[in-house]
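S.K.: Below are the structure tokens for one structure; questions will follow.
The values are calculated or read from the model by the stated rules, or taken from the named source; none is laboratory data. As the structure is a computational prediction, the values presented were derived from the model and not from experiment. Cβ: placed from backbone, ideal geometry, glycine included. Neighbour counts: every protein chain shown. For the accessible areas, the whole protein counts, side chains as well, though only heavy atoms, and no ligand, DNA or RNA atoms are used. Shrake-Rupley method; radii C 1.70, N 1.55, O 1.52, S 1.80 Å.
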Amino acid sequence: MAIPDRIRTALQEKANGSVVAPAGYGKTETIADIVAETSCRCLLLTHTLAGVDALRKRLREKGVRSDRYQLETIAAWSLRYAAAYPVTSGFPRLVTPRGHQWSTVYASTRKLLDGRSIDRVIQASYGLVLVDEYQDCSADQHAVVVLLSRLVPTLIFGDPLQSIFDFGGEATVRWQEDVLPAFPELDELGTPWRWKNKKNDPLAEWLRIVRADLLAGKAIDLRKAPACVQVHHLDEPGRLRALEKKACGHGSLSDANRLAIIGSKSSERVRAALAKRVHAQNVETIECKDLQTACSTIEATAGMDRLTFVMGLLQRSIVGVNQTPFLRRISEIHGGKQIRKPLTAAEAAALAIVTSDKLEPVIAMLDEFRKGRRTFRGELIFALRESLQLRCLPGSPSLLECAWHVQERRRHAGRRHGYKIVTSTLLAKGLEYENSVVFLTEPATKEDIYVALTRASRRIDIVTAALDLSAK
Amino acid sequence: MRVGYVEIENFRGIKQLWWAPAAGVNCLIGPGDSCKTTILDAVELALSPRHTLSFDDLDFFGGEFNKATKIIVTLTDLPDEFISDAMYAPYLRGISDDGKVIDEPPLPEKGQHALSIMLSIDEGLEGTWTLWNERVAAGDMKERSLTYAHRASVAPARLGVYADRHLSWGRNSTLARMSEGAAATQDILARAGRLARNHFKTEAAALFKSSLESVKLAAKKVGLALPGTIAAGLDVQNLAITNGSVAIHDGEVPLRALGMGSSRLLVAALQDYSKASLCLTIIDEVEHGLEPHRIVRLLKHLKSKDRVSPQVFITSHSPIVIRELSVHDLHVVRRAEDGKVTVRPADKKYSKRDPQAPPRSMPEAYLAPTVLICEGKTEVGLLKGLDDYWVAQHLDNLALKGIALADGGGVDNAPALAGQFCGLGYQVGLLLDSDQDPADTEILGKLEKAGVTVFRWDKGCSTEDVLFHQLPLAAVEMLFDYTLTFLEPTAILDAANKPRQADDRFTSIDQVRARLSDATVLDALAARAKGKKKKDSEDLHGAWYKDIAKAEHIAQKILGPHLKDAHKGLQEMVSALRGWIDGHS
């Protein structure tokens, strides 16, 4: 694949600019090609660690030596520079910033770059800056990139139609108002590689029309979908469970033939319940609110209350856990009732939770209930177990704090999921699967619809209430 | 690249030192034991490419090994490669335009990027080399050091007193570096070894022929048939051509047998040619083994702009070096008793005077710890004479006390010169006569406040007045007789007669001599001895004793021996001066 001419010209002219890259149109490949072809050292910035990994993998495949580029998230880069020159940047000593502290990081990085004292450092370090997934930039991050573009030629890649941000999260940069004035549009990538490589041109062509319709504000006519798109029309609300079962009932899934079920964007619990029903693994969000709740509740309670909470969590995460009879038996034994059947290991652990303040019995409970059962919220249970173990070490911080460290480590180590997963547009953006199930039964934005429909390269099952689909 | 700042703590004789070397040549001058060479050693160690050096207790200040040694060398004029965040960007510091180190890079218009390398030695006697700044010190950043390749590029090229080593292909020698890297040298040596063995086999066959025959015979007796091809050869293992065994030769003579000066010159040239250092050249005792004209040549070479490493640190004890270099190249090193060492640029101005003049006219003064600045040649001569006289009296001489004499060049210039030397950290004495005060009426007070000891004759007395009026008659007669040895009698007669009425004039020189107890006669002689006015000018000329040799003779033979019978004022002044001299060690 060659670098498109207009991008090549911009590189030669050392111009700043933007490249619109529809989903699956070989954006990562193009970026890797640019790095491979230029002679200077490049700064590659993106948003997520997954994005970093994907780019690194692609660069390695192309045989680009790692000293030819610096690849990291915008957050990590900003933190590194703000912390390297704390007097100039005014950065307070934060080793690992959280939440709102990130705005301090970006403010410090902006102050540092604005001060011009490290202009030469930037120019000595990089000959070209490339930023991926630009539609996900916050206004703060955009300001940092604009300051960089003043010193080094900068190309940004993104797709305004894939701009999805967390409910309650920070707003992303506005394409028309903020991005285009700083980075004039150079080109739009034109080849749908994701489907071309899978010899699925009909899907590629249909998605091109979907994109055009969404951008134009027109309804999508699902009747014109190609054969690889199964439309399950929800003509009466009572059939939802049946259609859900039908849509998600793929046979012969494997690591090379995965299925991503794109569920509710806003509720972890709703997605978890779906995972339980359709026998899939639930993908947890990075901050995982359920883990945070579990940690603070376990540490705040004791005795029967703690046990009750743990049992509820197990029932919501593992198939075949029934908390009511179990809790009844434990409270009877605890009350002094003579028992004929000997205690099971799980019961012993549960009694230890009730009678002691220790956390080790909680770990034992998790282990006992996982035996022989299918855990559909594996990520949650494993992260909780690891946090509990960390908390049991001498001198450890609170359980919530331990969980934060565990999540940080998992984030950096990269996450692996099964071949049948329940996810959301927010969690799945930028990722590619062979098959997908998309629920369009509730109103969705054009960005959510586009991201959901562009995840699969082979086959899509759409469960929809309307055959003429409009974005909200 | 160049060294922009040096900080030393608890290293050998140095308790503490801060120094901002200039770009170009930095010649460290100062009295012995002022730790000049220690400064060079410290810089070389901190920038050493080898991080396996070991140290001993004597490397610590005062041998106190529990107080860690720290040497911080801050490099500036960095290449982009060092500044890039692929390398050392987070470790960058800055040097402001006024020579101060700041912890983070300054704005381009206010200074330069810099990197500090710290060598610290603790009581384990092992050195650690790290890139240092406040952020590393605070533990906010992990420690790291330069890569080996970069260490090699900042390592100074040092020309020691003995440079022979560099004239063979030894480890880290300049010649080895010129052979395009160590690997190439090894290859050349291996090939040289093979050559030597082959050559030996053909040429030495005859030498060993008879003993080889005996070997064959002996073998035959025990039934062992040796092949006919056995020959004497060099054993590869025992006789390897190693680093250092190949040297440049002129005919049969190794080039290191050149005179010391010549070999040092050659090595200096080779080091430049091989781009031995991109950063710094260090030369101890630059004048060592070189005749004056070759010193001048070497200095010119070091100052030439097209050298790869234009920054040079040298030490010198040679007035020729001081005279030949620009005053901007000179740095005066002084060590206080508590071990604090200061390095001051010699081009610091004092009261708007050209700082270049003193090193050209009195380079020797810069090499002593103490300078006694005399108003003019007469006073310099007097002091020299007195010194000779004191030596005869078994008192310590001025050289032993580390005191150099300098001609101050007049009543206005001498105090300024004293101020200049005082500002450079020298201990300074100033000897003025008292018939005229400096035009700058406040300068003497300022100098005394700054620590200069000022010696003056009794109020209103010139040196000539002192000689004629404050010595006993016998001494004045000796002075009179001595004056006659170099002046025409008529000149003295004229001088004595000048204020007299026509009817009262002397007619012979003997008449004058007989009247040497007469104050009017002495007044007349002293007045003329100071010199006479030119037409239309206040300047004096034709003074009798403004000559070092004459004044020296007077002091040694006349003033010294008669001091005990001299006027009280003169006695007091000379004993104060002697007391000051004895105050130095």
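S.K.: Evaluate region B:100-113: report whether one residue or more is within 14 Å of another protein chain (Cβ to nearest Cβ), out of contact with any Gly (no Cβ under 9 Å at 6 or more places or on another chain), open to solvent by less than 50 Å² (accessible area, probe 1.4 Å) and part of a strand (DSSP E or B).
M.R.: no
S.K.: Related question: Any residue at all in region B:343-358 that is more than 30 Å from residue B:45 (Cβ to Cβ) and crowded, with 22+ Cβ neighbours inside 10 Å?
M.R.: Yes, some residue in region B:343-358 is more than 30 Å from residue B:45 (Cβ to Cβ) and crowded, with 22+ Cβ neighbours inside 10 Å.
S.K.: Also, quick follow-up: Test residue B:122 against the stated conditions and say whether it is more than 9 Å from chain A (Cβ to nearest Cβ), farther than 21 Å from residue B:51 by Cβ and acidic (Asp, Glu).
M.R.: Against the criterion (more than 9 Å from chain A (Cβ to nearest Cβ), farther than 21 Å from residue B:51 by Cβ and acidic (Asp, Glu)), residue B:122 does not qualify.
S.K.: Moving to a separate point now. For region A:88-142, name all the residues that are surrounded by 20 or more Cβ atoms within 10 Å (Cβ to Cβ), assigned to a loop (DSSP other than H, G, I, E, B) and within 14 Å of another protein chain (Cβ to nearest Cβ).
M.R.: A:91, A:117, A:118, A:126 - these are the residues of region A:88-142 that are surrounded by 20 or more Cβ atoms within 10 Å (Cβ to Cβ), assigned to a loop (DSSP other than H, G, I, E, B) and within 14 Å of another protein chain (Cβ to nearest Cβ).
S.K.: Now, a different point. Quick check on my filter: what residues within region A:50-87 are open to solvent by less than 60 Å² (accessible area, probe 1.4 Å) and at the interface with chain B (Cβ under 10 Å from one of its Cβ atoms)?
M.R.: A:68, A:69, A:70, A:77, A:81, A:83, A:84, A:85, A:86
S.K.: Can you give me the number of residues within region B:1-38 that are of a type in the set (Lys, Arg) and touching a Lys or Arg at 6+ places or on another chain (Cβ under 6 Å)?
M.R.: Qualifying residue count, region B:1-38: 1.
S.K.: A further question on this structure: Confirm whether residue B:330 is within 22 Å of residue B:363 (Cβ to Cβ), touching a strand residue (DSSP E or B) at 6+ places or on another chain (Cβ under 8 Å) and surrounded by 19 or more Cβ atoms within 10 Å (Cβ to Cβ).
M.R.: Numbers: within 22 Å of residue B:363 (Cβ to Cβ): yes; touching a strand residue (DSSP E or B) at 6+ places or on another chain (Cβ under 8 Å): yes; surrounded by 19 or more Cβ atoms within 10 Å (Cβ to Cβ): yes.
Taking the combined requirement at face value, the residue satisfies it.
S.K.: Scan region A:5-29 and report the pairs whose first residue is acidic (Asp, Glu) and whose second residue is not in a helix (DSSP H, G or I), with Cβ atoms within less than 6 Å and a gap of 6+ or a chain change.
M.R.: Going by the 6 Å Cβ cut-off, the qualifying pairs are A:29/A:1.
S.K.: Additional query: Within the group B:48, B:54, B:116, which residue is open to solvent by 50 Å² or more (accessible area, probe 1.4 Å), away from chain A (no Cβ under 14 Å), touching a residue at least 40 places away in the same chain (Cβ under 8 Å) and not basic (Lys, Arg)? Write out each step before concluding.
M.R.: Values: B:48 fails: open to solvent by 50 Å² or more (accessible area, probe 1.4 Å); B:116 fails: open to solvent by 50 Å² or more (accessible area, probe 1.4 Å).
Being open to solvent by 50 Å² or more (accessible area, probe 1.4 Å), away from chain A (no Cβ under 14 Å), touching a residue at least 40 places away in the same chain (Cβ under 8 Å) and not basic (Lys, Arg) holds for just one of B:48, B:54, B:116, which is B:54.
S.K.: Among helices (runs of 4 or more DSSP H) lying entirely in region B:447-539, which contain 1 or more residues that are surrounded by fewer than 13 Cβ atoms within 10 Å (Cβ to Cβ)?
M.R.: B:473-484, B:489-497, B:509-514, B:519-529
S.K.: Name the residues in region A:18-49 that are buried (at least 22 other Cβ atoms within 10 Å of the Cβ) and on the phi > 0 side of the Ramachandran plot, would you?
M.R.: Listed by number, the list holds a single entry, A:24.
S.K.: Continuing with the same structure: Test each condition in (1) modelled with pLDDT of 85 or more; (2) more than 28 Å from residue B:90 (Cα to Cα) for residue B:133 and report the one that comes out false.
M.R.: (2)
S.K.: Go through region B:61-97 and give me each residue that's assigned to a helix (DSSP H, G or I) and within 14 Å of another protein chain (Cβ to nearest Cβ).
M.R.: B:80, B:81, B:82, B:83, B:89, B:90, B:91 - these are the residues of region B:61-97 that are assigned to a helix (DSSP H, G or I) and within 14 Å of another protein chain (Cβ to nearest Cβ).
S.K.: For the subset of region B:135-161 comprising residues that are within 14 Å of chain A (Cβ to nearest Cβ) and assigned to a loop (DSSP other than H, G, I, E, B), which member is surrounded by the most Cβ atoms within 10 Å (Cβ to Cβ)?
M.R.: Only one residue fits best here, namely B:141.
S.K.: Residues being surrounded by fewer than 20 Cβ atoms within 10 Å (Cβ to Cβ) and either of a type in the set (Ser, Thr, Tyr) or within 22 Å of residue B:421 (Cα to Cα) (or both): count how many of those fall in region B:23-37.
M.R.: Number satisfying all stated conditions: 4.
S.K.: Go through A:260, A:294, A:302 for me and flag whichever is open to solvent by less than 60 Å² (accessible area, probe 1.4 Å) and out of contact with any helix residue (DSSP H, G or I) (no Cβ under 7 Å at 6 or more places or on another chain).
M.R.: A:302
S.K.: Also, quick follow-up: Residues in region A:418-446 that are assigned to a helix (DSSP H, G or I) and either free of Cβ contacts under 8 Å to residues at least 24 places away in the same chain or within 20 Å of residue A:28 (Cβ to Cβ) (or both): how many?
M.R.: Number of matching residues: 4.
S.K.: May I ask you to list the residues in region A:364-417 that are among the polar types (S, T, N, Q) and part of a helix (DSSP H, G or I)? Step through it out loud before you land on a result.
M.R.: Taking region A:364-417 and keeping what is among the polar types (S, T, N, Q), we get A:375, A:387, A:389, A:396, A:398, A:407.
Of everything in region A:364-417, those that are among the polar types (S, T, N, Q) and part of a helix (DSSP H, G or I) turn out to be A:387, A:389, A:407.
S.K.: Consider residue A:151 carefully, then state whether it is within 24 Å of residue B:81 (Cα to Cα), within 14 Å of chain B (Cβ to nearest Cβ), open to solvent by 10 Å² or more (accessible area, probe 1.4 Å) and without any contact (Cβ under 8 Å) to a residue 60 or more places away in the chain. So that I can check it myself, show each step before the final result.
M.R.: Values: within 24 Å of residue B:81 (Cα to Cα): yes; within 14 Å of chain B (Cβ to nearest Cβ): yes; open to solvent by 10 Å² or more (accessible area, probe 1.4 Å): yes; without any contact (Cβ under 8 Å) to a residue 60 or more places away in the chain: yes.
Spelling it out, residue A:151 is indeed within 24 Å of residue B:81 (Cα to Cα), within 14 Å of chain B (Cβ to nearest Cβ), open to solvent by 10 Å² or more (accessible area, probe 1.4 Å) and without any contact (Cβ under 8 Å) to a residue 60 or more places away in the chain.
S.K.: Within region B:72-93, is even one residue touching a strand residue (DSSP E or B) at 6+ places or on another chain (Cβ under 8 Å) and over 30 Å from residue A:127 (Cβ atoms)? I'd like the intermediate steps shown before the answer.
M.R.: So in region B:72-93, the residues touching a strand residue (DSSP E or B) at 6+ places or on another chain (Cβ under 8 Å) come out as B:72-78, B:82-83, B:85-86, B:88, B:91-93.
Okay, now just the ones that are also over 30 Å from residue A:127 (Cβ atoms), so B:72-73.
Yes, region B:72-93 contains at least one residue that is touching a strand residue (DSSP E or B) at 6+ places or on another chain (Cβ under 8 Å) and over 30 Å from residue A:127 (Cβ atoms).
S.K.: Moving on. Please go through (1) farther than 27 Å from residue B:49 by Cα; (2) in a loop (DSSP other than H, G, I, E, B); (3) at pLDDT below 75 for residue B:262 and return the number of the only condition it doesn't satisfy.
M.R.: (2)
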